[in-house]
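Working notes, structure below.
Nothing in this text is a laboratory measurement; each read-out follows from the coordinates by a stated rule. Since the structure is predicted, the reported quantities are computational estimates derived from the model, not experimental observations. Note that we place each Cβ from the backbone using ideal geometry, even for glycine, and neighbour counts take in every protein chain shown.
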Amino acid sequence: MPIRYHEARDVKELVELVVSKLEFHHVDLTCVYCFRSVGSKSRRTVARVHGLGKLWQKALNKPSAYLIEVIAERYDRLSQEEKEKVIIHELLHIPRGFAGGFRPHKGHITKHKIETLHQEFMAKSRQDF
């Protein structure tokens with residue numbers, strides 16, 4: 001069975017909330033798309049980010065854009081807290097220049113950084129109540 005993709009409005013809402021609370025000003029939400037895939041054969045992947053690279057941007061005459069894909073079989077089973085951490089993780093791959101490239105894990109994306117940002121996200125979310 002082929003992989004099926006569906007727009008994920010719930011994921012987009014969470015992305016918008018995380019970007020707002022953590023003040024990720026470099027992320028242009030009008031150019032971030034969120035999809036849920038069903039039927040992936042990957043064993044450990046929960047989510048991934050795809051970028052529209054420079055050559056594709058030029059060929060299509062489009063600005064840079066990013067797509068966050070969540071793997072339904074794994075992502076949907078997570079607690080809300082774990083979903084938030086996954087989204088933080090994926091957003092950390094988007095570089096400050098928002099030009100279609102990616103930030104690597106090495107030296108930038110760590111469990112400690114994700115935990116720290118999640119604590120900040122939780123604190124700022126509690127301030128609203």
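Values for this structure:
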quantity: Contact order normalised by residue count of segment 1-69, Cα under 8 Å, 6+ apart, percent; calculated: 37 percent
quantity: Antiparallel DSSP beta bridges within segment 12-129, as percent of all bridges there, nearest 5; calculated: 45 percent
quantity: Using θ = phi - 60° and Karplus 6.51 cos²θ - 1.76 cosθ + 1.60, couplings along segment 25-42 (whole Hz; Gly, Pro as x); calculated: 4, 6, 8, 8, 4, 6, 10, 10, 10, 10, 9, 10, 9, 10, x, 5, 8, 5
quantity: Length-normalised contact order of the chain in % [C-alpha pairs under 8 Å, at least 6 apart]; calculated: 26 percent
quantity: In segment 1-105, chymotrypsin sites (Phe, Trp or Tyr not before Pro) in a DSSP loop with at most 15 other beta-carbon atoms within 10 Å; calculated: Phe102
quantity: Calculated FRET value between Thr116 and Lys58, using beta carbons and R₀ = 41 Å, to 0.05; calculated: 0.65
quantity: Cα centroid separation - segment 1-80 against segment 91-129, whole Å; calculated: 15 Å
quantity: Fewest-first ranking of Thr30, Thr110, using other Cβ atoms within 10 Å as the exposure measure; calculated: Thr30, Thr110
quantity: The chain: Cα Rg divided by the 2.2 N^0.38 Å rule of thumb; calculated: 1.06
quantity: Table column - 3J(HN,Hα) (Hz), segment 67-78, Karplus curve with 6.51, -1.76, 1.60, x for Gly and Pro; calculated: 10, 9, 10, 9, 8, 3, 4, 10, 4, 5, 7, 6
quantity: Residues with amide H under 5 Å from that of Asp76, placed H, sequence gap 5 or more; calculated: none
